[in-house]
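Student: I have a structure here, written as structure tokens, and I will follow up with some questions on it.
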Amino acid sequence: MNFLFGEKEERLRSEIREFVKENMPPDYIGNMFVEEESDEGWDFAMSMARKMAQKKWLVMSWPEEYGGMGASTWERVVLAEEAAYWGIPGLSMGISGTAWVGPTLMISGTKDQQDRFLPPIAAGEPDGVWCTGYSEPDAGSDLASLQTRAVRDGNEYIINGQKVWTSCAHLARWMWLICRTNSDAKKKHQGLSIFMVDMRSEGLTVNPLRNLVGGHVFNEVFFKDVRVPAENLVGRENEGWHQLMTALGFERGIAISFTASVRRKFDALVEYVKDAGLMSRPRVRAQLADLAVDIETARLLAYEPVCLAEEGIMNVHAASRDKANIDHLHEKLARVGTEILGAYSQLDYLHKDSKWTKLGGTFEHLYYYNVGMAIAAGTTYVQKNIVGQFGLQLPRSY
Amino acid sequence: MDYTFTKDQEMIRKSAREFFIKECPKDRVRELKDDPQAYDPLMWKKMVDLGFLGLIIPEMYGGMQGDLIELMIFTEELGRNLVPCPFFGTVVECTVPLLKFGTDPQKQKYLTGIAEKGAIWSLAQAEQVADFEAEDINLTAEADNGNFVLNGTKLFVPYAAEADFFIVAARTNKIGDPREGVTLFIVEAGAEGIGIEAMPTTARDCRGEVRFDGVRVTGDNVLGEQDQGWTILDTVLQHAAVFKAVEMSGGAQAVFDLTVNYARERKQFNKSIGSFQAVQHKLVDLLTLVDGLKYLVYEAAWHMNNGTSSRGLNSMAKVKANAVYHEVCHHGIVLHGAIGWTEEMDIGLYHIKTKAAQFDGGLSTLHLERIAAELEAYVPEYRKLYPG
Ligand SMILES: Cc1cc2nc3c(=O)[nH]c(=O)nc-3n(C[C@H](O)[C@H](O)[C@H](O)COP(=O)(O)OP(=O)(O)OC[C@H]3O[C@@H](n4cnc5c(N)ncnc54)[C@H](O)[C@@H]3O)c2cc1C
């Protein structure tokens, strides 16, 4: 048992902090999805991705031949924590290739696919930017009922249908797409396949969808006779569900970064409370203390699957447990933070530079965006279904 | 970071677990509820023979010389199996201060008695307000020719009627900061002038009021320095907070397991109730609480053992335990239905301990305030990088 990081990891932590000091604006607080919402945000994210790539940090756990440094799991944990704490953009949703496309390709991709797709991801190039096409208007939580179809035609597949809520589709060069290749399969999650689709393909259109506060995170994507070379099929035809589960496992294993970004916002809140002279208020003190307990607990929970994996034990439901836990933690932090900011929390985060805005609008942002985060990558409820069924071995509840 | 235990540590867990399952089945726990002694002296003797009482006592005083991780594992199993006995009061609240602050002759005399004979010790601290703050300590100790005379009343004293010794927190100086002017005394339970009355607690855990009516104590029986007792009490409270939280974590895990098993077996509408989503999601919430508590108390105990503990972390462990133990008992019983609300089911045996467990080592109001005080003094990482 040991509750400290090793020397090697702590050295990496200090190196990252040096890097932050040189390359990041001081007192920066990262907000979720902020990269894909504005041109400046995106340019900043891409520039940081390239700098991270030069350090071999962008995909540090990948083998060296693909631009990584074969880093240990715990080094990757440290990077995830630091990047989230300091708000270094370019490691998250916008560059989802680093998080799940790449790792899944390393497991299921052909050598040729790995050679083509991994290097641009590792280099933080625009050609390495991916979006993820799972959800459809009638297939959300029940993803396996998706309707978008791919039909083989010689050396190509022809795709027709629609995806929706596709984050980053307006910026991505590639889409990681799941669609139906066999409509006669016995079960609905059979007969699905994963394709890598060039976003510049003919017949593919991207329409922006604005969220309730006017931000542009996700899109709808239409496919009309879009032709995709057969070599862009990932794994075997009709076995896409398996790849999807692998990728989703990577996508949901985000609790470590989220806990660290929560910590950063909490730290700012505590400082604000002190500066504003609110620390003498018993309710505020109790609320902050209570949050501190939740944050520390979430941090320790997020390490659990890593610790077990190091012992060779796969704890698949833990990622879902922690995603649900973080959904609740986000909600609580947003609620308490905006309550403490009081009247000022009604200011629009899109005008974060206004002279009245506190803490760069990060709590106003969190207040509205944590709701979206509780839906993305599977809603809180769906995560709890997974934990109940696979973690507690209870019968399926729906 | 490493959440695993060594083989030796796993062995301790295994032998503790097997011992408790064999020696203290739930029917025995039920019987002890109606026994004013609230523990089984024969089982206590076996615990002494196996060295459990001397777990953290050095070999030179007859102990096993174990560390706090071993104590943590043992305490977690004790909580999991719900063993009514004066272990916590004797080992955590009294052995710890004797070890850390006792003189050599005191250690020789008293630690040996605990490790080898299973002497029962009890900390007599709480008075009228019973909130573990220094203002609550008003029992007086008047100096008299190198001796002291104690007058006052202590409440909620663990195993008051069974104790062989008390560590009594007394006021030796009433002027100024209440934290200065507290002195601890080692008092034999049979001393003249001591009167004990049982307090009727739901946990049936043999707590009592202990009255000190002109009780004479020699100067040799001061623990630590005169007027400096508050530091010792603070150390004790931090240990008590962490190890009571460990015990509660063990109990919470047991309650959770009972509940999940019941949800798998119990059928309504021709289905196991665990298949209903409301039930399943509540179980997942409880799992998250119980898992989180487990790692938080491990972390606090590990740092304590490593000499790197912090007041804030120790308080966090107790705040979390106080909340989770309540949640898992309350919702665990609701998930059982009416049968859960009877004496027949084991889950109720855990729930009747809730209020006592929350009190030992400090209630959440006290610990939330301690965490807040730590936050007040804390410099965030980003301020170290970008000084304000
Ligand atoms: C910010 C954001 C970014 C996103 N990015 C992407 C992306 O990049 N790519 C992509 O493919 N998708 C993306 N999504 C879509 C997301 O994955 C889906 O929204 C999500 O899976 C839920 O599907 P739905 O919206 O159709 O809701 P529905 O499935 O219709 O669910 C509606 C409600 O019913 C509940 N519900 C449904 N089924 C069950 C059940 N079995 N048990 C209990 N409750 C149930 C849900 O929890 C929810 O509360 C994003 C969503 C958001 C909000």
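Student: Within region A:237-250, does at least one residue satisfy the condition of being more than 18 Å from A:I178 (Cβ to Cβ) and among the acidic types (D, E)?
Tutor: Taking every residue of region A:237-250 in turn, none turns out to be more than 18 Å from A:I178 (Cβ to Cβ) and among the acidic types (D, E).
Student: What are the residue pairs meeting all of these: first residue in region A:203-218, first residue at pLDDT below 95, second residue more than 14 Å from the ligand (Cβ to nearest atom) and open to solvent by 30 Å² or more (accessible area, probe 1.4 Å), Cβ atoms under 7 Å, and 6 or more apart or on different chains?
Tutor: Matching pairs, first to second residue: A:G214/A:L350.
Student: Another question, if that's okay. Which pairs do you get when a residue that is within 14 Å of chain B (Cβ to nearest Cβ), found in region A:113-136, comes within reach of a residue that is assigned to a helix (DSSP H, G or I) and within 16 Å of the ligand (Cβ to nearest atom), reach meaning Cβ atoms under 7 angstrom, with the pair 6+ apart or on two chains?
Tutor: Close Cβ pairs (under 7 Å, with a partner that is assigned to a helix (DSSP H, G or I) and within 16 Å of the ligand (Cβ to nearest atom)) do not exist here.
Student: Taking into account only those residues within region B:263-276 that are of a type outside the set (S, T, N, Q) and within 14 Å of A:Q393 (Cβ to Cβ), which is most open to solvent (accessible area, probe 1.4 Å)?
Tutor: Filtering region B:263-276 down to residues of a type outside the set (S, T, N, Q) leaves B:263-267, B:269, B:271, B:273-274, B:276.
Now restrict to residues that are within 14 Å of A:Q393 (Cβ to Cβ): B:263-265, B:274.
Values: B:A263: 3, B:R264: 87, B:E265: 135, B:G274: 0 Å².
For region B:263-276, the residue satisfying everything is B:E265.
Student: Quick one: which residue in A:T104, A:T110, A:T132 is away from the ligand (no atom under 16 Å from the Cβ) and within 30 Å of A:K187 (Cβ to Cβ)?
Tutor: Just a single option satisfies the conditions, and that option is A:T110.
Student: Between residues in region A:23-52 that are within 14 Å of another protein chain (Cβ to nearest Cβ) and closer than 15 Å to A:R264 by Cα and residues that are of a type in the set (S, T, Y) and within 16 Å of the ligand (Cβ to nearest atom), which pairs lie under 9 Å by C-beta distance while being six or more apart or on different chains?
Tutor: Hits for this filter: A:I29/A:S261; A:G30/A:S92; A:G30/A:S261.
To keep it simple, each residue is scored yes or no on (1) under 22 Å from the mean Cα position of the chain (by Cα); (2) outside the structural domain of B:G89 (by TED's automatic domain parsing); (3) open to solvent by 50 Å² or more (accessible area, probe 1.4 Å).
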| site | (1), (2), (3) |
| --- | --- |
| B:Q108 | no, no, yes |
| B:A115 | yes, no, no |
| B:E162 | yes, yes, no |
| B:V168 | yes, yes, no |
| B:E180 | no, yes, yes |
| B:L184 | yes, yes, no |
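Student: Taking A:G97, is it assigned to a helix (DSSP H, G or I) and within 13 Å of the ligand (Cβ to nearest atom)?
Tutor: So A:G97 passes the test.
Student: Conditions first: (1) modelled with pLDDT under 90; (2) part of a helix (DSSP H, G or I); (3) among the polar types (S, T, N, Q). A:S47 passes all but one, so which condition is the exception?
Tutor: (1)
So that you can scan it fast, the table gives a plain yes or no per residue for (1) more than 24 Å from B:A317 (Cα to Cα); (2) surrounded by fewer than 20 Cβ atoms within 10 Å (Cβ to Cβ); (3) assigned by TED's automatic domain parsing to the domain that holds A:I178:
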| position | (1), (2), (3) |
| --- | --- |
| A:R227 | yes, yes, yes |
| A:A230 | yes, yes, yes |
| A:M245 | yes, yes, no |
| A:D267 | no, no, no |
| A:T297 | no, no, no |
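Student: Conditions first: (1) open to solvent by 30 Å² or more (accessible area, probe 1.4 Å); (2) more than 13 Å from the ligand (Cβ to nearest atom); (3) within 11 Å of chain B (Cβ to nearest Cβ). A:S354 passes all but one, so which condition is the exception?
Tutor: (3)
Student: Quick one: A:M245 ticks every box in (1) in a loop (DSSP other than H, G, I, E, B); (2) without any contact (Cβ under 8 Å) to a residue 40 or more places away in the chain except a single one, so which number is it?
Tutor: Unmet for A:M245, out of (1) in a loop (DSSP other than H, G, I, E, B); (2) without any contact (Cβ under 8 Å) to a residue 40 or more places away in the chain: (1).
Student: Further question on the same structure: Would you confirm, using the coordinates I've provided, whether A:N182 is away from the ligand (no atom under 13 Å from the Cβ), open to solvent by 30 Å² or more (accessible area, probe 1.4 Å) and not in a loop (DSSP other than H, G, I, E, B)?
Tutor: On the way: away from the ligand (no atom under 13 Å from the Cβ): yes; open to solvent by 30 Å² or more (accessible area, probe 1.4 Å): yes; not in a loop (DSSP other than H, G, I, E, B): no.
For A:N182, the condition - away from the ligand (no atom under 13 Å from the Cβ), open to solvent by 30 Å² or more (accessible area, probe 1.4 Å) and not in a loop (DSSP other than H, G, I, E, B) - is not met.
Student: Determine which member of the set A:G388, A:G378, A:G342 is within 30 Å of B:L283 (Cα to Cα), of a type in the set (G, A, S) and more than 19 Å from the chain's Cα centre (by Cα).
Tutor: The unique qualifying residue is A:G388.
Student: Mind checking which helices (runs of 4 or more DSSP H) fall wholly inside region B:277-388 and carry at least 2 residues that are at the interface with chain A (Cβ under 9 Å from one of its Cβ atoms) and open to solvent by 10 Å² or more (accessible area, probe 1.4 Å)?
Tutor: In region B:277-388, the matching helices (runs of 4 or more DSSP H) lie at B:277-306, B:311-336, B:364-377, B:381-385.
Student: Still on this structure, please answer the following. Do we find a residue being closer than 24 Å to A:E37 by Cα and either away from the ligand (no atom under 16 Å from the Cβ) or within 14 Å of another protein chain (Cβ to nearest Cβ) (or both) anywhere in region A:382-398?
Tutor: Within region A:382-398, none of the residues are closer than 24 Å to A:E37 by Cα and either away from the ligand (no atom under 16 Å from the Cβ) or within 14 Å of another protein chain (Cβ to nearest Cβ) (or both).
Student: Also: Return the pairs, sorted by first residue and then second, in which the second residue is open to solvent by 10 Å² or more (accessible area, probe 1.4 Å) and in a helix (DSSP H, G or I), the first residue lies in region A:259-271 and is more than 9 Å from every other protein chain (Cβ to nearest Cβ) and farther than 13 Å from A:L329 by Cβ, the beta carbons are less than 7 Å apart, and the residues are 6+ apart or on different chains.
Tutor: A:L269/A:I340
Student: Considering only region B:139-189, state which residues are small (G, A, S) and at positive phi.
Tutor: B:G146, B:G152, B:G176, B:G181
Student: Just to be sure, is B:K22 touching a residue at least 24 places away in the same chain (Cβ under 8 Å) and surrounded by fewer than 16 Cβ atoms within 10 Å (Cβ to Cβ)? Lay out the reasoning, then the answer.
Tutor: On the way: touching a residue at least 24 places away in the same chain (Cβ under 8 Å): no; surrounded by fewer than 16 Cβ atoms within 10 Å (Cβ to Cβ): yes.
No: the conditions fail for B:K22.
Student: Report yes if some residue within region A:3-18 is within 21 Å of the chain's Cα centre (by Cα) and more than 14 Å from every other protein chain (Cβ to nearest Cβ); otherwise report no.
Tutor: No, there is no match, as no residue in region A:3-18 is within 21 Å of the chain's Cα centre (by Cα) and more than 14 Å from every other protein chain (Cβ to nearest Cβ).
Student: Within the group A:K163, A:K188, which residue is buried (at least 16 other Cβ atoms within 10 Å of the Cβ) and near the ligand (Cβ under 9 Å from one of its atoms)?
Tutor: Result: A:K163 is the single residue among A:K163, A:K188 that is buried (at least 16 other Cβ atoms within 10 Å of the Cβ) and near the ligand (Cβ under 9 Å from one of its atoms).
Student: If A:G124 satisfies all but one of (1) surrounded by 24 or more Cβ atoms within 10 Å (Cβ to Cβ); (2) at pLDDT 95 or above; (3) away from the ligand (no atom under 16 Å from the Cβ), what's the number of the condition it fails?
Tutor: The single condition A:G124 does not satisfy is (2).
Student: Another question, then. Return the residue satisfying two criteria in turn: it lies in region A:272-292 and is more than 9 Å from chain B (Cβ to nearest Cβ) and not in a helix (DSSP H, G or I), and of such residues it is farthest from B:I371 (Cα to Cα).
Tutor: A:A276
Student: Inspect all residues belonging to region A:332-345 and state whether any of them is in contact (Cβ under 8 Å) with a residue 24 or more places away in the chain, within 16 Å of the ligand (Cβ to nearest atom) and either of a type outside the set (S, T, N, Q) or more than 23 Å from A:E37 (Cβ to Cβ) (or both).
Tutor: Our first condition is that a residue be in contact (Cβ under 8 Å) with a residue 24 or more places away in the chain; within region A:332-345, this holds for A:332-341.
Narrowing further to those that are within 16 Å of the ligand (Cβ to nearest atom): A:334.
So of that shortlist, the ones also either of a type outside the set (S, T, N, Q) or more than 23 Å from A:E37 (Cβ to Cβ) (or both) come out as A:334.
The answer is yes, given that some residue of region A:332-345 is in contact (Cβ under 8 Å) with a residue 24 or more places away in the chain, within 16 Å of the ligand (Cβ to nearest atom) and either of a type outside the set (S, T, N, Q) or more than 23 Å from A:E37 (Cβ to Cβ) (or both).
The values are calculated or read from the model by the stated rules, or taken from the named source; none is laboratory data. Since we're looking at a predicted model, the values are computed, not measured. Ideal geometry is used to build each Cβ from the backbone, glycine not excepted, and the neighbour counts take in all protein chains shown. In case anyone asks, the SASA skips ligands and DNA or RNA and just uses the protein heavy atoms, side chains included. Shrake-Rupley method; radii C 1.70, N 1.55, O 1.52, S 1.80 Å.
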